């Protein structure tokens, strides 16, 4: 029998006793069990819904499968347990879980999550959140299969959560309250629109190590392949150039440790090679570093196709980390991805120049498609791209062979690549259960409102 939670929305009074009990019983940070509320202003056409949610102890938990340090285990009753003594604080499980269950504790540097009050369970006592609920809205459930028992509005993430949600549908058909006031529509829009992620500056400050890590990996891969395949240095000073891919790869490894909450446990990063995309990324970067070292000490000992394959697989491994974390993330080529960035950067060092021209045009189309629509409100991103990435092409075509313009073009080109990597991290947004449900409500609300306006003849 699998353990799980049953939540009855009709009985919930939004007292948050469940959240308080979780904090007091386990000493966990606020938010480990959260109470979400939608339409708390009780606007028409949308149900007023409360939802108490913590870890759903899924049948095939994404947090456990993606953890590179093997800090998760699954008990015989399906309870997903996190082991703090194994955690290195990479936070990858917070990306992988669509239900926003694991939380990183900035004070300790490690993950915290609901463990179904395992200590109480051994004594036959129900979880603290269940016993604290004054109305019986939250209960513990033990059944064989939880699949197919969620309401239609609950998003299908492809992961089977151990939770039952009841009584979320209204017993009556809501009706439209017509209004000629634009303020009503503005309030409606404000309440139900999915907002962009706030605090981009704060987020970028937090993820700077990841940005620098990916840029260093891309640079190391490109320079290593170019040097090996061209049999010549791409930069002045052959000795330094031969060592440069090694220095870049080693720098990437050093920077990656800075992202961890517990850097002393970084040796655990490669323990889950079979299932974790992050483990595979780390192993490939280590292999890239070893390849660069051997190529520097013993040039030509590694066959060129092998060197190229390692470099290509490394940048692909970087992309797959994000693809696995966000199932909406497309693998199509665009400038924000490491693989495309590596190919694009490689054309800077290769002849004929037509390759660079072609990739610049492809990159321009990609950026315009991503940021150019008026609805997204991102014209500044397109303009920055034009300044930082397209201008190098103009300079090279108008002033070919000029040392000064070549230098300016080089600086602008790599500034553009760095800027696009920064934008990639700012835009990357793994799915969050609250935002996903809110988006659904917004969509359904608009559909019902438009239908009733059409039926009643309202414009």
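The values are calculated or read from the model by the stated rules, or taken from the named source; none is laboratory data. The shown structure was predicted, so the numbers you read here are calculated from the model rather than taken from an experiment. For neighbour counting, all protein chains shown are included, and Cβ atoms are generated from backbone atoms with ideal geometry for every residue, glycine included.
Checking the structure you have, find out if any residue of segment 298-309 is on the phi > 0 side of the Ramachandran plot and either at pLDDT 95 or above or more than 29 Å from the chain's Cα centre (by Cα) (or both). Within segment 298-309, one or more residues are on the phi > 0 side of the Ramachandran plot and either at pLDDT 95 or above or more than 29 Å from the chain's Cα centre (by Cα) (or both). Within segment 12-28, residues that are in the same structural domain as residue 55 (by TED's automatic domain parsing) and surrounded by fewer than 18 Cβ atoms within 10 Å (Cβ to Cβ) sit with their Cβ atoms under 6 Å from residues that are in a helix (DSSP H, G or I) and at pLDDT 90 or above, at 6+ positions apart or across chains, in these pairs: 25/128.
When residues in segment 235-260 are screened for being more than 18 Å from residue 310 (Cβ to Cβ) and modelled with pLDDT under 90, 9 of them pass. Scanning segment 268-282 for residues that are surrounded by fewer than 17 Cβ atoms within 10 Å (Cβ to Cβ) and either without any contact (Cβ under 8 Å) to a residue 60 or more places away in the chain or assigned by TED's automatic domain parsing to the domain that holds residue 83 (or both) yields 273, 274.
Within segment 351-363, the set of residues being in contact with a helix residue (DSSP H, G or I) (Cβ under 6 Å, 6 or more places away or on another chain) and surrounded by fewer than 18 Cβ atoms within 10 Å (Cβ to Cβ) comprises just one member, 355.
Residues considered: 409, 415. Of these, the only one that is modelled with pLDDT of 75 or more and within 26 Å of the chain's Cα centre (by Cα) is 415.
Checking segment 61-81 against the condition returns no match, with no residue being surrounded by fewer than 17 Cβ atoms within 10 Å (Cβ to Cβ), closer than 19 Å to residue 263 by Cα and free of Cβ contacts under 8 Å to residues at least 60 places away in the same chain. Being at pLDDT below 90 and surrounded by fewer than 18 Cβ atoms within 10 Å (Cβ to Cβ) is a condition met by at least one residue of segment 111-119. Taking residue 141, is it in a loop (DSSP other than H, G, I, E, B) and farther than 18 Å from residue 159 by Cα? It is false that residue 141 is in a loop (DSSP other than H, G, I, E, B) and farther than 18 Å from residue 159 by Cα.
Going by what's in this entry, would residue 158 be described as loosely packed, with under 15 Cβ neighbours inside 10 Å, under 25 Å from residue 96 (Cα atoms) and at pLDDT below 50? It is false that residue 158 is loosely packed, with under 15 Cβ neighbours inside 10 Å, under 25 Å from residue 96 (Cα atoms) and at pLDDT below 50. Do we find a residue being at pLDDT 75 or above, outside the structural domain of residue 216 (by TED's automatic domain parsing) and outside any helix (DSSP H, G or I) anywhere in segment 353-367? Yes, segment 353-367 contains a residue that is at pLDDT 75 or above, outside the structural domain of residue 216 (by TED's automatic domain parsing) and outside any helix (DSSP H, G or I). Of all residues in segment 138-149, count the ones that are modelled with pLDDT of 80 or more and closer than 20 Å to residue 433 by Cα. Total meeting the criteria: 2.
Residue pairs whose Cβ atoms lie under 8 Å apart, separated by 6 or more positions or on different chains, with the first residue in segment 135-163 and free of Cβ contacts under 8 Å to residues at least 24 places away in the same chain and at negative phi and the second surrounded by fewer than 17 Cβ atoms within 10 Å (Cβ to Cβ) and not in a strand (DSSP E or B), are 151/169.
Within segment 326-352, residues that are more than 18 Å from residue 213 (Cα to Cα) reach partners that are at pLDDT below 60 and in a loop (DSSP other than H, G, I, E, B) with beta carbons closer than 7 Å, at six or more positions or on different chains, in the pairs 349/234.
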